1. Spot the failing condition for PRO196; the list is (1) closer than 30 Å to TYR350 by Cβ; (2) in contact with an Asp or Glu (Cβ under 8 Å, 6 or more places away or on another chain); (3) open to solvent by 50 Å² or more (accessible area, probe 1.4 Å), and only one is missed.
2. Considering only segment 274-286, state which residues are open to solvent by less than 20 Å² (accessible area, probe 1.4 Å) and more than 16 Å from ASP221 (Cα to Cα).
3. Say we look at segment 171-186 and pick out the residues that are open to solvent by 40 Å² or more (accessible area, probe 1.4 Å) and in contact (Cβ under 8 Å) with a residue 12 or more places away in the chain; which of these is nearest to LEU41 (Cα to Cα)?
4. Could you tell me which of the residues VAL190, VAL232, VAL226, VAL265 is open to solvent by 40 Å² or more (accessible area, probe 1.4 Å), touching a residue at least 24 places away in the same chain (Cβ under 8 Å) and among the β-branched types (Val, Ile, Thr)?
5. Tell me which of these PHE64 doesn't satisfy, since it passes every other one: (1) more than 19 Å from ILE43 (Cα to Cα); (2) buried (at least 20 other Cβ atoms within 10 Å of the Cβ).
6. Go through (1) assigned to a loop (DSSP other than H, G, I, E, B); (2) in contact with a Gly (Cβ under 8 Å, 6 or more places away or on another chain); (3) hydrophobic (A, V, I, L, M, F, W, C) one by one and return the number of the condition CYS282 breaks.
Amino acid sequence: MRKALRWVLSLVVLIGTLSTAGAANAAGSSSGTADIKDRLLAIPGVSLIEEKPYPGYRFFVLGFTQPVDHRHPSKGTFKQRITVLHKDTARPTVFYTGGYNVSTNPGRREPTQIVDGNQVSMEYRFFSPSRPDPADWSKLDIWQAASDQHRIFKALKKVYGKKWISTGGSKGGMTATYYERFYPKDMDGVVAYVAPNDVVNKEDSAYDRFFAKVGTKECRDRLNAVQREALVRREPLKKKYAEVAAAEGFTFKTVGSLDKAYEAVVLDYVWGFWQYSTLADCDSDVIPKDAKKATDDEIWTSVDTISGFSFYTDQGLEPYTPYFYQAGTQLGAPTIHFPHIEKKYIRYGYQPPRNFVPRDIKMKFQPYAMRDVDTWVRNNAQQMLFVYGQNDPWGAEPFHLGKKARDSYVFTAPGANHGANVAGLVEAQKDLATARILKWAGVAPAAVQQDPSKAKPLAKFDSKLDKRDVEREPALRP
């Protein structure tokens with residue numbers, strides 16, 4: 001930290017700014033002697049929830065007042081949670097969202113480490129507690145959420161005046177892409193990780209092709225056998241499920257029955273493995289080597305470990321109601337087939353998002369929403385980077401770039417799952433991606449501009465701040 005502080009002070013002196021102002025900036029101030037917290041709280045609609053210390057940074061959990069309906073701002077507001085990981089107003093800023101709840105602990109996403117910048121993180125609207133009361137669910141759509149980001153950016157740009165890059169993983173990668181589609185002049189670059197692109201909701205054969213070839217045949221056969229066996233043994237394992245549900249107080253009103261929940265969990269098993277595990281994990285003790293000879297407890301433990309029997313309960317689904325609402329109204333949801341399981345063992349198949357949202361919430365699918373975004377990206381992408389994992393099911397339907405795209409890229413990390421990142425790309429692509437992110441953020445050293453192979457993250461890896469969590473989709477699949 002002392003070395004980093006001396007570097008900042010030296011730089012400030014070199015560019016002719018008073019060293020006292022630079023010292024205040026590195027410690028969390030911005031202009032003159034004004035404290036960064038005071039500057040943030042001076043923004044209309046911003047309130048402090050808490051501040052948490054972290055060496056070299058200031059970390060704030062804030063409330064930000066948003067209109068329920070950006071088209072009609074006078075019709076009510078709600079308080080949206082955001083966080084600010086402040087480093088220095090002289091550094092670029094990364095705008096992150098995971099598309100779900102926001103973490104209230106300090107954390108740094110990969111682009112933030114690469115550019116050594118500030119990070120603003122947003123909780124997606126309608127994820128509790130960032131939910132209007134009463135909740136008008138018709139105001140939960142991708143344009144309204146993009147408009148949330150636009151208002152946050154416009155407000156904080158007055159404090160963080162350098163370049164901005166948006167990012168997110170999974171639903172967050174989708175969110176960053178939608179934000180760029182509706183407000184293309186806000187960001188200086190976009191880094192979207194493992195972002196699904198379900199353009200035609202009823203056409204999902206890409207997923208079937210993915211599962212027919214992912215990994216090795218040996219691993220696929222092993223996983224398929226456990227999944228099939230869990231349905232063959234439906235009755236004894238459902239009895240265990242009922243006992244667990246009674247002990248834990250689980251109910252099944254939303255999905256409709258314990259039987260429906262049981263099958264949904266089992267059918268998520270193979271998808272969930274490839275989303276969160278690697279090929280090497282196929283040899284772990286969690287996956288029985290011979291499913292037919294495995295005990296009921298071994299089958300139960302394998303499915304529970306990978307899919308989670310608690311998810312399709314009312315208690316498991318409730319936090320993800322906003323996601324399933326969006327999946328059933330705009331985002332789409334994949335449907336796959338199970339050629340390794342006889343039809344007599346499958347009663348419901350992959351259930352639609354409608355089954356996971358309380359019936360008093362009205363839903364109607366809008367097929368044009370994803371087509372619009374896909375067309376825009378193909379024809380208008382500029383300074384956008386999409387990163388996918390080779391073994392991630394969600395990458396079966398990725399974003400594509402057309403001839404009109406400029407300075408934009410789609411890269412796939414070999415052997416990676418839903419946690420794919422720039423660091424996992426092949427060397428040449430990793431160098432290029434890192435160099436472009438630095439360039440977009442306005443902090444690429446001259447050597448990097450001349451030779452991308454010299455590109456490296458500007459901030460050192462921090463085991464606590466840069467913990468590489470896989471972005472977890474609810475229910476492991478839709």
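1. (3)
2. Within segment 274-286, GLN275 is the sole residue that qualifies.
3. Selected residue: TYR183.
4. VAL232
5. Every listed condition holds for PHE64 apart from (1).
6. It is condition (1) that CYS282 fails.
Per-residue answers, yes or no, for (1) under 30 Å from VAL387 (Cα atoms); (2) in a loop (DSSP other than H, G, I, E, B); (3) of a type in the set (Val, Ile, Thr); (4) within 22 Å of the chain's Cα centre (by Cα):
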{"site": "ILE49", "(1), (2), (3), (4)": "no, no, yes, no"}
{"site": "LYS52", "(1), (2), (3), (4)": "no, no, no, no"}
{"site": "PHE60", "(1), (2), (3), (4)": "yes, no, no, yes"}
{"site": "LYS79", "(1), (2), (3), (4)": "no, no, no, yes"}
{"site": "ILE82", "(1), (2), (3), (4)": "yes, no, yes, yes"}
{"site": "THR89", "(1), (2), (3), (4)": "yes, yes, yes, no"}
{"site": "PRO106", "(1), (2), (3), (4)": "yes, yes, no, yes"}
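Rundown of residues vs (1) within 27 Å of ALA246 (Cα to Cα); (2) within 19 Å of the chain's Cα centre (by Cα), yes/no style:
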| position | (1), (2) |
| --- | --- |
| LEU267 | yes, no |
| ASP285 | no, no |
| TYR350 | yes, no |
| PRO353 | yes, yes |
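The values are calculated or read from the model by the stated rules, or taken from the named source; none is laboratory data. Please read all numbers here as calculations on a predicted model, not as lab measurements. Neighbour counts run over all protein chains shown; Cβ positions are idealised from the backbone, glycine included. The protein model used for the area step is the full one, side chains on, heavy atoms only, and it has no ligands, DNA or RNA in it. Shrake-Rupley method; radii C 1.70, N 1.55, O 1.52, S 1.80 Å.
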